[in-house]
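*Asks:* Before I ask anything, let me first share the structure, which is written out below as structure tokens.
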Amino acid sequence: MHTMTLDDLRVFVAVCEARNLSAVARDLSCSQSAVSQHVKRLERETGLLLLERRPRGVAPTGAGQILYQAAAEGLGGLAAALRRLDDIRRGVGGTVRIATGATTVRHFMSAGVAAFRERHPEVGLAFETAGSSRRCLEAVQTRQADLAWVTIGPQLDGVEQHASYEMPWVLVARTDDAIAHRETITLADLDGISHIELPEHATSRVQLEGQLQRHGVRLMPTASVADWDTALLLAELGLGRAILPALPGWTYGPGSIVRLIPIPELSPLSAGWAARRWTDLSPLAIEFAETVLAHLRPGTPPGPGLLPS
């Protein structure tokens, strides 16, 4: 009698995530029939239908979803353990894996990374760039990363988010803009302005648009970007105004081509660390996260309670 194997579970997890048998077959360089055999072996073992056909691909049944969640958790833990064993075999001090957005390291981590590296030159730091906070959270959820620096937003099953840094919203306007002399910007000032849109589906954009809609404020998009730094650059070039979170390291004093004008009526955007379970992180991962927070500037230094003890 054949029993389920690790390969069966790995293939099943891949199918549940890809929702397509042929795509998994291509990734594994095998036939679609071979992929189906792995799933059928699991169905014989459990006595339940685990996948159902859909107009485009497949999807796990209720029973399949239960097995998928358990298998993904177990395989992820096994992969993490194997990585740590490999670190021991190679005689290195371990590796901290961090999922980040496109501008995260530059704005939030540069000083902290340098300080951590000085203390622990033997420790590997692996940065995985993801296009959004959601992707970063998924990297943590699937154990591709130990930590992720994210804009705090919707929860993802099995992932903790800890708000650690607040970013007030500012209007970025060229100094030759009629509004640039203002000390603060009201929501009424924003209605109908030409606006450089934040990345589509980004947590920051969703939260900003939600606040503006609740106050009946409408913007006129003039350009769209993939990250905050590009929005700032386009504002400098005169393509429109940008509403952005005030990031660490953005300092525009006398002689600058743009001004960053606070919008106090908008609730600040929160950022922080995400992990599957803080208590399960390695001591090195915890130290790295705390070091980054300790070196965040400008802004209020992190105090007690920003990270779980």
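*Asks:* Could you work out how much longer the chain between ASP27 and ILE257 gets when fully extended? Use 0.36 nm per residue separation minus the Cα distance between them, nm to one decimal.
*Replies:* Contour length minus Cα-Cα distance gives 77.9 nm.
*Asks:* In what order do PHE127, PHE12 fall by count of nearby beta-carbon atoms within 10 Å, going from fewest to most?
*Replies:* PHE127, PHE12
*Asks:* Here's another thing I want to ask about it. Treating the angle as unsigned and between 0 and 90°, give the value, to the nearest 10°, between the Cα long axis of helix 32-46 and the longest Cα principal axis of the chain.
*Replies:* Orientation of helix 32-46: about 70 degrees from the principal axis.
*Asks:* Next question, about the same structure. Starting from the 7 Å offset along Cα-to-Cβ, what nm value, one decimal, do you get for the label separation of GLN37 and ALA79?
*Replies:* For GLN37 paired with ALA79, the spin-label model returns 2.5 nm.
*Asks:* Shifting gears a bit: With only Lys, Arg, Asp and Glu charged, each at its Cβ (+1 for the first two, -1 for the last two), find how big the charge dipole of the chain is about the Cα centre; round to the nearest 20 debye.
*Replies:* 680
*Asks:* Another question about this same structure. For a quick check: sort CYS30, CYS136 by the number of other beta carbons within 10 angstrom, fewest at the front.
*Replies:* CYS30, CYS136
*Asks:* While we're here: With label points built 7 Å along Cα→Cβ from the Cα atoms of MET220 and ALA114, find their separation and express it in nm.
*Replies:* 4.4
*Asks:* Okay, next question. Positive end of the dipole of the chain, charges at C-beta (+1 Lys, Arg; -1 Asp, Glu), about the Cα centre: which of TRP273, ILE66, VAL206 has its Cα farthest in that direction?
*Replies:* Farthest along the dipole direction, towards plus: ILE66.
*Asks:* For the Cα atoms of the chain, what angle does the longest principal axis make with the long axis of helix 6-18, in degrees from 0 to 90, nearest 10?
*Replies:* Helix 6-18 sits at roughly 40 degrees to that axis.
*Asks:* Given R₀ = 30 Å, FRET efficiency for SER194-GLU17 by Cβ-Cβ distance, to 0.05?
*Replies:* Step by step, r from the Cβ atoms, then E = 0.15.
*Asks:* Under a point-charge model restricted to the Cβ atoms of Lys and Arg (+1) and Asp and Glu (-1), what is the dipole moment magnitude of region 169-267 relative to its Cα centre, in debye to the nearest 20?
*Replies:* 120
*Asks:* In deg cm²/dmol and to the nearest 500, what is the mean residue ellipticity at 222 nm of the chain if only DSSP H runs of at least 4 residues count, each as -39500 (n - 2.57), divided by the residue total?
*Replies:* For the chain, the value works out to -12000 deg cm²/dmol.
*Asks:* Stretch GLU236-GLU166 to full length: gain in nm at 0.36 nm per residue minus the Cα-Cα span?
*Replies:* Taking GLU236 through GLU166 to full extension adds about 22.8 nm, to one decimal.
*Asks:* Answer with one residue from SER22, SER256, ALA294: the one whose Cα lies farthest towards the positive end of the charge dipole of the chain, charges on Cβ with Lys, Arg +1 and Asp, Glu -1.
*Replies:* Looking along the dipole axis, the top candidate is SER22.
*Asks:* Please work out the C-alpha center-to-center distance from region 144-214 to region 95-129 and express it in whole Å.
*Replies:* 24
*Asks:* Compute the angle between helix 203-214 and the longest alpha-carbon principal axis of the chain, please, reported from 0 to 90 degrees and rounded to the nearest 10.
*Replies:* For helix 203-214, the angle is close to 60 degrees.
*Asks:* Quick one: putting +1 on the C-beta of Lys and Arg, -1 on the C-beta of Asp and Glu, what dipole do you get for region 6-74 around its Cα centre, in Debye to the nearest 20?
*Replies:* Value, rounded to 20: 300 debye.
Read-outs throughout are calculated quantities, based only on the coordinates presented, and are distinct from any laboratory measurement. Since this is a predicted model, take the numbers as computed values, not measurements. Don't worry about glycine lacking a Cβ; one is built from the backbone with ideal geometry, like all the others, and counts go over all protein chains shown.
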